[in-house]
1. Looking at region B:128-225, which GluC sites (Glu not before Pro) are DSSP coil and have at most 10 other C-beta atoms within 10 Å of their C-beta?
2. If we hang a label 7 Å off Cα along the beta carbon direction at B:Arg92, how far is it from the matching labels on the other copies, in nm, shortest first?
3. Amide H of A:Leu202 versus every other amide H placed in the peptide plane: which residues, excluding those fewer than 5 positions away on the same chain, fall under 5 Å?
4. Normalised by the residues of chain A, what does the relative contact order come to in percent, with Cα pairs under 8 Å and at least six apart?
5. Provide the buried accessible surface between chains B and A in square angstrom, both chains summed, 1.4 Å probe, rounded to the nearest 100.
6. Kindly write out, for region B:169-181 in residue order, the coupling ³J(HN,Hα) from the Karplus curve 6.51 cos²θ - 1.76 cosθ + 1.60 (θ = phi - 60°), rounded to whole Hz, with x marking Gly and Pro.
7. Which of A:Val79, A:Val51, A:Val166 moves most in a GNM of chain A, Cα contacts under 10 Å?
8. For B:Lys224, list long-range residues whose amide hydrogen, built 1.01 Å from N in the peptide plane, is under 5 Å from its own amide hydrogen.
2 protein chains.
Amino acid sequence: MDNSAETGEKKKAKRVASERVLQRDPERTKAAILEAATREFAENGMGGARVDAIAERAGTNKRMLYHYFGDKEQLYLRVLEEAYVGIRTAERALHIGDRSPEEGIGELALFTWRYFLKHPEFLSLLGTENLHRARWLRQSVRLKELHSHLIGELARVLERGKKEGVFIENADPLHVYLTIASLGYFYLSNQHTLSTIFGRELIEPSNLDSWEQHIVHVTLASIKR
Amino acid sequence: MDNSAETGEKKKAKRVASERVLQRDPERTKAAILEAATREFAENGMGGARVDAIAERAGTNKRMLYHYFGDKEQLYLRVLEEAYVGIRTAERALHIGDRSPEEGIGELALFTWRYFLKHPEFLSLLGTENLHRARWLRQSVRLKELHSHLIGELARVLERGKKEGVFIENADPLHVYLTIASLGYFYLSNQHTLSTIFGRELIEPSNLDSWEQHIVHVTLASIKR
DNA sequence: CCATCAAGTAACCGTTTAGTTACTGGCTTG
DNA sequence: CAAGCCAGTAACTAAACGGTTACTTGATGG
């Protein structure tokens, strides 16, 4: 492989790309398929999603989808992986260890809730993946180390809180994260059945604010000394 | 093949009027279809469930399914309705108002967790129904009044707790129920992705016990004065 | 400027799907 | 015990599905 020639190619391609919209652009097509697939899988689940629908939403056709992603299952896994990378990347940027332990935990709770609220497709994808007992996620090699960071940083914040005497001694990082995620996930992912059976629109702004406060309150109440 | 012996058996079965197993039994067939459908919809979702699979699981064939339930969607709604009736009926039998407010709430939390644990198909059905924005549940006329009882009794217990000075003044019955349900639902319905990404088997008995305690603790901590 | 190769298209294929038709045979009632 | 109704069967259909084949078109290095 000729490196200098390749970089030359790339430079030219980039320059051309910035000057006008290429009629043929692999990266753009790939991204369009991935985005369309995310929506289709989120709205209909793995079983209900239609390959034709994804191609149409992406403004391309099935052949490209199979060309870039192999088949429906591999495309689905890519969508799922990207979704996890999305939330974990944003989460890292929080640096919850930079503040007081209480503020750090409160910050994580707020972030998680608001991320779930802004990314309903992430919740749907989790739902459909769990329906299938994490059949595809299990095959993913990319995602194991992505999550150790979260629990690690959370554990450090809790330790500091214990030393400062503000948190109870048996506060568990996994339990704290599960508590935060539970309260956000259930409220949003089950909003439709809940609103129906209880006759109250859970998605209404005042109810959302009220639940946001509740999550922070409950999370801290569960670990405060 | 011994024909006379076979017909003899059949006639005998006919004559034992009250205890005989009918070869043709609408109620038994209906029940078998409903149970098979519950499993199939829970395992594969509304989009992934196969009508042929339901018929085979029920030990009958498609024609009967369409005969008794109309079509796939109506069968699915029946399954969903029965699932709700199941949990709400068991819930009523608790009579959480008969004990002290604290015990009543703790009892409800324990019951909900253990019911979810024993009925994973209920959680799956909720998941698939919410994926479709409660499209079918909304059409159900049977279920509205089934739930007012729960919130009503919960509100009464909370009021008593407030008067006795053990609960905070702004404890909200809906929030309390959502808290309990959230912590149970998320842990169980998302156990597969969670176990995968965190590398810990959430379904292990010791972890289940630990989370059960956590739910009761968190619920009470969130409303205790 | 043109040969080449990847990007892109559309029509097609075998299979699976929800739903139907035409039929058989067991149960009840008069 | 005959008659008819209804539970139950199996083979079928049209449409939809995931995936493929045969082909065209446009960008680009030599």
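The values are calculated or read from the model by the stated rules, or taken from the named source; none is laboratory data. Because the structure is predicted, anything quoted here is derived from the model rather than measured. Cβ: placed from backbone, ideal geometry, glycine included. Neighbour counts: every protein chain shown. What goes into the accessible areas is simple: the full protein's heavy atoms, side chains included, and nothing from ligands, DNA or RNA. Shrake-Rupley method; radii C 1.70, N 1.55, O 1.52, S 1.80 Å.
1. Within region B:128-225, the qualifying GluC sites (Glu not before Pro) (loop, at most 10 other Cβ atoms within 10 Å) are B:Glu169.
2. Nearest to farthest, the other copies are at 5.4 nm.
3. A:Ser195
4. On the way: 181 pairs, mean separation 44.9, N = 225.
Averaging sequence separation for qualifying contacts and normalising by length gives 20 percent for chain A.
5. 4500 Å²
6. 5, 9, 5, 10, x, 5, 4, 4, 5, 4, 4, 4, 5
7. Fluctuation is largest for A:Val166.
8. B:Ile168
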